[in-house]
Structure formats: structure tokens, C-alpha cells
Amino acid sequence: MSQDPNLFSAFKRPRETVSGIPSSSMYSSGIPQPSSALKRSNSNSRPSNSRMSLAARPAYNQPDVLSTAKRDPSRYSARKSYAPSSQPPPSQRRSSVMRRSSMGAAAFSQMNSFFSSAASTAVQRDPRPLKDSAYRHEIAGKVFEYVVNNGFELEMKHTLGPNSLKSPTQKDFSMVFQWLYKRFDPNYNFQKAIENEVLPILKTLRYPYASTITKSQLAAVGSMNSWPQFLGILHWMMELAVTMERFQSGEFDDAAAAEGVDIAAEKIIFRYLTRCYSAWLVENDDHDEFLEEMAASFEDRQSGYKEELEMLESENEQLKKQLEEMDESADPLKKLEETRILLEGDKQKFVTYVERLELRIPKVTASNQKLKEEIEAVERELAELTAEKQSLQEAVDRQGLTPADIDRMNNDREKLSKSLSLISSKITEAKIQLSERESEASSKLEALERSVSRYNSLAYQIGIVPSLSRNAEGKDFELLILPTQTPENKLLADEVGYQPAQLLNRDLRHDIKPALNRLRQEIGARIHEAQDEAIKTQELIDRIVETLADKRDEVDTLHAKVRTAVDEYQELKETMAAEGNASNAEIEKLEKELASMRLNMSNGVLALEQRMQSVTIERDQLEHACHALREKFHGEVDKMLHEVIKFKVHIQESLENYENLAEEELAGNDKLLDS
């Protein structure tokens, strides 16, 4: 996608790294740099006093830290501090005065960056319910409890009452604010009035709602309109201090470990740098002890890693052996796929078998009922035969047969029984053979039915069944088993049997197979045509996406211009407010002078009245000029906003037209593909 390289875009911003942070002369932070981060020069010129801030330290490797530990203390001049000291202070201590750039310079530097201006232009509103008295009472109790339990009165020599944070004085707020800030920078000295220190400190701490605080509010902290906001500031600083204490105590290490982040090395390096920095603050440049402690910590950590590495290597070897065994046996996925296919076939067989059994249940039930009836008939017949046998026995007894006659009759009866048994066994064998033949014929019929059913389902999927489908071309591709279409619904309705051509309604070799080959060739040609159309459609969509991306870049550029205009408006508004405050202060001063002159001098009343009139006229002129200038700036800003909104609406309409065009093209392509 072609694009102007000079055009601003939020999607192609350069990569930002820690190495791109400017030096302390260009950066607004006043934190001094440790000597281990000083860039030594190879020339014989005097070394610079600027040092890299600990707040923006790069990622250290252990050799780099070891190599920069030893320094020549005679090479550096006096240095400033931003961190607490753990060493006893000598007779001459390095100062800890934080340097800050002016608000105007900070605002100008923020306007040069798109990302910094995006954060500064949008005035964030405090979402906390500070106007709610119950919420204010709750957070005031938390702040009071925190400062009292952590030695506020002992350190600041100032006593807070139970209501000091409900209706405070200017001194109460100043003392609590200074004490809370010294929790972050214990060596900082408040040199100016608290009204001039609060805003720069809050911006340094990156308080998210610092832009909503004005100097007039700082002059009257305890007023009902201003105090909720400043109470929120104290509560925010208290929460920040508590969080830093919990972080320094290692309370959040478990969260980092749960996310899989190893911070042990960072903690060792940070502990080393903190101790070196604290020693540097008290003019102690011998850091060999700290270096040895850090090296010992790394050695302990490395030994633990070696044990873990050995365990992981052994586990890796076992896994490799398992993988080799699996590779030698067979592809597990292929084997699972074959098993799945077999199981699906068995499932289909069982479903068919269950359906067949369900169809046979009524027949078996009727057969069982018939057998019960036959058993009852046989039992009745047995009773009749028993009675008949008894009557025959009585008749034989009456006839007076000899034993020889009875033996002869028994022999004849045994011969007849043997003949009957032989005939019964032959009938049983014939029935078994008949059952085996019937089961074999049934299994082959089931296989034939499954093959025909699978063929018909596949034919339905590819659109050749029924004959009116899109790929059938009026031909009948559906297969039917002709014997099963008879009213008897049996494969062998008679004893003659069937030839292969008499089983199916179509000739597979000479009719179905050539037609399917022709259909395959036609479908292949249609697939190639559809792929060509899809490629053309994708190229059209890519061109449309590139055009939309260009338009989005233009919209981002316009947003950046709008933010810049709003920054200028905010700066002009603050300047006008400052001038108005100065004028009000001058008017109040003149009114006080006028009152004193009325009390002390009676002869100069006329002159004072004339002076007052001239000052009043000048004030009216200044107010008139101020109102005119404000109206002029409001008109210009309103005009700019109208132009930007019109251009934004034009861009939105253009994007909607492109989206509609893309949707129409896609709909047309879908119709072509469907046709």
C-alpha cells in the first residue's frame, strides 16, 4: 500500500525503547544519575555532572554491573539525590533538591508529541464520589489513621485532631501533604510556599486529575468547594504510599510468579543499585561489599537453575524416548482416525441390528404366544395319552397276553422308535443347513443394502439424486434392489434365485460409471472457474482495504490537529485566567491603599477619588479588552471546531460510501458464486 512517508499515522509510529530517553538536560526529571551509569569519555576533557536516572535504568547484565562498580571518587563533583540514604550522614551531605522545569516549558514539550498531548488535552474527571459526605468521612478516617499510626506527629511536630481532615486549616493540609510526599522522597526540602509546590509535585507523581486543580483553589484549601478535591489527593497519595510499601516488602512477588515472570534477578540488581546509590549520597564510593553480596546472590540463584536444568534435561530425554517409541509404532493420529472409522462402522451396524431386532419383537412375541398355546395343547394331549395308556393297560390285563407277546411288541416298538429318531436327526440337520444358508443370504443382502444406501447418500450429496437435481441432467442415478421391491420383501421369493443383472435397476459398469466420470470432469472445470473468480474478488477486496486504511490515516492526522488546537486553547485560557487574577490583585491593592488614605489623610480625598476613578476606568478598559479577546478566541476555536467537524463528517460519508461499494461487490460476487 503506497503512502506518504511524511504523513502522520498512529499505526506506523517508530519503535520506542529505553535507549531513546534523552539526557537530564533535555528531560524534565530532576533525579540525579548514579556514577555507574555515567558515560565516561576517552578524551582529557572534564567529565560531565549529568547522570542517568534510576527511574529509567536500562536492563543490566551481570558483567556490565560488575564492570561499573568501582569508581574514582575524585572525578565527580557534588551530586543531588532523590532516594533515601541507609548510611550515616557525614559532616557535608549531598543535597536532595529536585529540579523541575517550568509549567510553560512542560506544556510546550508536551505539544511536540502526539502521545503526550493525547493524555494532556483530555481533562480527566475524577470518578470518585468526593461530594458524598459518607465517602469523604470514610477516606478522611483512613488518611487520619494512616498518618497517626506511622509517626506523623513525631516527625512533623504538628498535632492533628479528630476533625482536622473534615474542616482543615491551610497548615493542616500543608503538613499532611509534606509528610505524605516525604514517604516517596525523604530527602526533599520544601523551599517554596506550599501553593507553588503542590502542582509540580502532583504532576511529577502523575496524579491523573492534576489538571483540574487551580491556584485559586490552592489559596483556599479548607473551603467547602475545594476541600473534597484535596482530600481525594491526600487519599490517593496515602494509597500510593501503602502500595509502594507492600511492593517493597515483596507482597506482589506471588502475583508475578503466578504469571510466570521471574523477578529474582531484577530484585538482586535493584538491591545492589539502591545500596550503591545510598552510599553515593553520603560521599561513599567504595561499593566492593555490595558487589560481593550481589555476586553471591547470583551464584546461589545459578546453582538452583543448574539443578532445575538437570531435572528438565532428564525429563526431556524421557519425552524424546517416548516420542521415538510413538514414531516407531505408528502415527497416533492416523491410528486414532482408523479406530474412529471402525467404531463408526460398528455403531452403524449395531443401529441396524437393533432396528432389525425391534422389527422382530412382534413376531417373536406372537411366536411365544403360539408356543404357549402349543404347550398347553401338548399337556392336554399328554393327560389324554396317560388316561389312554391306563385304559390300554387295563385292556391288556383283561386280554391276558403272554410275556413273549409283550417282548415282541416291545422290540417292534424300539425299532420304530430308532427309525423315528434317525428321521428326526436328519430333519434337524436339514433345518440347521437351511438356517445357515438363510443367515448367509441375509448377511449378503444386508451388505448389498448398505452399499446401495451409501451410494444413494453420496449421490444425494453431490446432487445427482433425484433425477431433477442440478447435476443429474434428467438421468436417474438412484439404485434400487429389485427383489426387495416385491410385496414379499424377500431376496429369495422362490427357489430359482437371481442373476447379478436382476438385483439392481441400473447397469453400474456400462451406464452409471461413464456418467459419473463425465460429471467429475464437469465439476473439476467448474471448480477451476470458481477459484479464478475468487482470486479476482480477493484482489478487489485488497484494493478496497488499502483505500480504507489510507482514509483512516487521514482521519488520525485530523484528530492530531484537533488535539493541538485544543492544547492551544487551554494554554490561552490559562494565560487569560492568570492575567485576570493579576488584575484583581492589583484592584484589591489599590482599594486597600484608598481605604488607608481615607483614614490618615482628609486633605487628599479629592485626589484619591480621582485616582480611584482612573483606576476604575482602567479596570473597565481591561475587563472590556479581556472580554473582547475571550470572545475573539472563542470564535476562532468555534470556527476551527466547525471546520474539523465538517471535514470529519465528509470523511465518514466517504467511508460509508466505500463500505456500501464493498458490500455491493461482495453481494454480486456471492450471487455469481451461487449461480
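Below are the figures for this structure:
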read-out	value
Efficiency of FRET from Cβ geometry, SER425 and ILE361, R₀ 30 Å, rounded to 0.05	0.40
Two-site FRET efficiency, GLU636 against THR212, from Cβ-Cβ distance with R₀ of 25 Å, rounded to 0.05	0.50
Net charge of Cβ neighbours under 12 Å - reference GLY151; Lys, Arg +1; Asp, Glu -1	+1
Environment charge at ILE341 (Cβ cut-off 14 Å; Lys +1, Arg +1, Asp -1, Glu -1)	+2
Positive minus negative residues near VAL378 (Lys, Arg vs Asp, Glu; Cβ under 15 Å)	-4
Gyration tensor verdict on the stretch 133-249 (Cα atoms; rounded if a/c is under 1.5, prolate if a/b is larger than b/c, oblate otherwise)	rounded
Built amide H within the under 5 Å cut-off of LEU504, gap 5+	LEU482
Label-point separation, GLU324 to ALA441 (7 Å along Cα→Cβ), nm	6.0
ASN284-MET311 pseudo-label distance in nm [points 7 Å out on the Cα-to-Cβ vector]	3.9
Whole-Hz ³J(HN,Hα) from phi, Karplus 6.51 cos²θ - 1.76 cosθ + 1.60, for the stretch 454-464, glycine and proline x	5, 4, 5, 5, 5, 5, 5, 5, 8, x, 10
Virtual spin-label span in nm between ILE617 and HIS528, 7 Å along Cα→Cβ	10.0
Dipole of the stretch 234-354, positive direction: furthest Cα of THR339, GLN248, HIS287, with charges on the beta-carbon	THR339
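Readers should treat all values here as calculations from the given coordinates under stated rules, not as data from a laboratory. These figures come from a predicted structure and were not determined experimentally. Please note: Cβ atoms are built from the backbone with ideal geometry, for glycine as well, and neighbour counts cover all protein chains shown.
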